[in-house]
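Working notes, beginning with the structure itself.
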């Protein structure tokens with residue numbers, strides 16, 4: 001269990017006392033009015049005792065106090081004051097990967113009754129279309145529901161942005177935290193995803209305040225044009241009903257040719273190469289146990305494409321999507337129906353009348369079709385935990401082909417490594433081994 005200081009607990013209790021203000025659809029995280037009280041939920045201008053700091057985007061060597069009211073040692077610990085286990089501040093428990101009790105209500109929650117005896121919904125509660133005790137779409141950092149996390153975006157640690165730049169040498173990210181991906185004060189994007197990443201802009205606002213989001217959603221009441229600021233944004237949030245437990249992703253066509261304005265385009269703000277079908281990249285010694293293959297042309301599964309990816313005999317998926325016996329695609333895609341048998345989530349096509357992709361040929365494949373954003377409980381075994389090794393060096397003797405002119409590399413099963421290189425874990429995949437592959441390709 002995460003350690004909470006008495007002062008952090010008191011601060012949280014203070015917020016809960018004013019839950020109608022602090023938790024009315026993101027008021028603590030954006031949509032601020034000119035007389036907002038939300039800043040005081042986390043900050044003090046003159047009496048902060050937090051040692052947490054933030055770095056300038058122009059010069060990381062320049063840091064300033066975050067002016068937080070907390071004795072948390074790390075930014076992750078501070079965020080988990082609300083978003084962690086046993087924390088009363090939010091229903092999105094990202095540590096355990098579940099939508100738990102808190103100041104939120106699911107779509108069916110009613111309290112009290114009107115003068116006519118009809119149920120009424122408490123307007124101070126944060127209304128969602130989520131299901132209590134169900135697994136969060138993004139998974140969790142320690143568990144995914146009841147199962148232990150096997151891979152995750154590492155918190156409060158230096159990590160590698162796989163695919164960034166032209167080699168792994170340029171891909172180190174110092175001290176990855178919640179705020180590496182999310183802007184706690186609001187952004188133009190879905191789920192407070194930042195408008196700027198190491199690879200460049202992935203959202204933002206025009207000078208007149210018009211949002212330019214890369215990531216939007218098909219959720220009820222989600223503003224297709226992105227989140228406005230101040231009172232206009234607060235009005236949008238009052239109509240918004242997020243779904244944290246059943247994916248309702250949306251595809252957004254590019255604003256200009258060649259642009260990747262989508263969830264996959266946002267992920268490519270760090271994982272730059274993963275959005276293109278082929279490019280040269282050098283994984284260094286991460287690729288093998290003892291040697292480097294060097295920079296070679298890498299080939300990747302397409303994203304930002306429909307299931308059809310063309311028509312007729314050249315269509316990628318010539319078989320129907322595979323599901324567990326007795327479960328239809330429609331049944332698996334209903335609210336709360338995302339258990340072990342669900343169909344992989346697709347991004348709803350533009351102008352779709354439905355809240356999610358339903359495996360029609362025009363729905364889109366994105367990063368979150370196969371992966372969870374925070375953490376996965378998927379386990380890798382057999383060939384799914386193989387490593388790439390130098391099998392036959394150039395100039396060595398071969399009994400079949402003579403003397404090879406180049407190094408021959410290939411997969412070697414490496415029991416206990418947890419997953420294929422370079423991650424040696426389950427790579428945030430939604431299902432064990434390569435279950436995500438079989439659910440589409442049905443071989």
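Every number in this text was worked out from the coordinates using simple rules, so none of it is lab data. Keep in mind it's a predicted model, so treat the numbers as computed, not measured. In this analysis, Cβ positions are derived from the backbone assuming ideal geometry, glycine residues included, and neighbour counts consider all displayed protein chains.
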What distance in nm lies between label points placed 7 Å from Cα along the C-beta direction at residue 166 and residue 148?
4.2
Would you please classify the overall shape of segment 144-195 from the alpha carbon gyration tensor, given that a ≥ b ≥ c denote the square roots of the eigenvalues, rounded means a/c under 1.5, and beyond that prolate means a/b larger than b/c while oblate covers the rest?
oblate
If one computes the Cα centroid of segment 221-266 and of segment 126-164, what distance in Å separates the two points?
21
Quick one: order 441, 374 by neighbouring beta-carbon count within 10 Å, fewest to most.
441, 374
